[in-house]
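Note sheet for the following structure.
The values are calculated or read from the model by the stated rules, or taken from the named source; none is laboratory data. Model, not experiment: these values are computed from the prediction. Cβ coordinates were reconstructed from backbone atoms using ideal geometry, including for glycine residues, and neighbour counts include every protein chain displayed.
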Amino acid sequence: MVQASLVTQIYRVTRVFLHTLIGLIIASVFLPFLSKNTKLALIKWWCGGLLRAFHIKVVTFGELPPASTKSVMFVANHISWSDIHALNSKIALRFIAKSEIRSWPVFGYLVEKANTLFIDRSKRQEAGKIVDITAASLISGDNLCFFPEGTTTDGQQVLPFKGSVLQAAIAANSRIWPVAIRYVNIDGSINTNMAYAGETSLIDSMHLVVKQKNATVELHFLNPINSTGKDRRHLTQAAYDAIVTKLA
């Protein structure tokens, strides 16, 4: 890994700190009183600013979702905490995330204030409740994002998808929009230092990102999948196959 200079690292940490402080003020003071559209626009702006503070470049491929996109469930492979911000910088989404994220220092609070739906995978009885809440959110016009691997990887593989939540897309008659995420080095190889996986702590992961001279995330927006007339297993496999094929 080619490292940035110490001066550059300090500059980035300062920018991240200040931008996070701005986010805390927005989340606690302004978000509760803003309209839905204004709130989404602010979240999109803030996430893009955070990526710039970390010096993470976002490169998109495929058809980007138009501003008029509604009631779509985006499905993506999961590598890092920065996946959420990269996707949000292009289209503001309501994320479905594991409940452990709530315990992240500072960022857990910000994610919660961004109207995230949390899943407690240790409580099987909550599965039906989550599907009902997710379907209602889609029907109301929200765009959601779900990471069906259920955890992060180092980016060199895609784990089998857990598709129970995709039942909500069928109930809401919504489209599934697969997105393949890849972090790359300058030579095009997989940048595993961008991964927030295994025993790496959130702080350690952010430190690794700050140290990198260049960090790039690719977002490949693939062909949307219509859920009409399909069962959950078919949808789950179709999304998995599309993402794995692209990353291969």
Strands (runs of 3 or more DSSP E) wholly inside the range 30-116 that include at least 1 residues being of a type in the set (Phe, Trp, Tyr) and surrounded by 21 or more Cβ atoms within 10 Å (Cβ to Cβ): 72-76
Only one of 154, 187 that is farther than 30 Å from residue 42 by Cβ and in contact with a Ser or Thr (Cβ under 6 Å, 6 or more places away or on another chain): 154
Of all residues making up the range 16-29, the number that are free of Cβ contacts under 8 Å to residues at least 40 places away in the same chain and either under 17 Å from residue 205 (Cα atoms) or of a type in the set (Gly, Ala, Ser) (or both): 1
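Yes or no, residue by residue, for (1) under 22 Å from residue 73 (Cα atoms); (2) of a type outside the set (Gly, Ala, Ser):
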position: 158; (1), (2): yes, yes
position: 166; (1), (2): yes, yes
position: 187; (1), (2): no, yes
position: 193; (1), (2): no, yes
position: 200; (1), (2): no, yes
position: 205; (1), (2): no, no
position: 221; (1), (2): yes, yes
position: 238; (1), (2): yes, no
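To keep it simple, each residue is scored yes or no on (1) closer than 30 Å to residue 237 by Cα; (2) modelled with pLDDT of 95 or more; (3) of a type in the set (A, V, I, L, M).
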{"position": "3", "(1), (2), (3)": "no, no, no"}
{"position": "12", "(1), (2), (3)": "no, yes, no"}
{"position": "27", "(1), (2), (3)": "no, no, yes"}
{"position": "32", "(1), (2), (3)": "no, no, no"}
{"position": "55", "(1), (2), (3)": "no, yes, no"}
{"position": "67", "(1), (2), (3)": "yes, no, yes"}
{"position": "76", "(1), (2), (3)": "yes, yes, yes"}
{"position": "99", "(1), (2), (3)": "yes, no, no"}
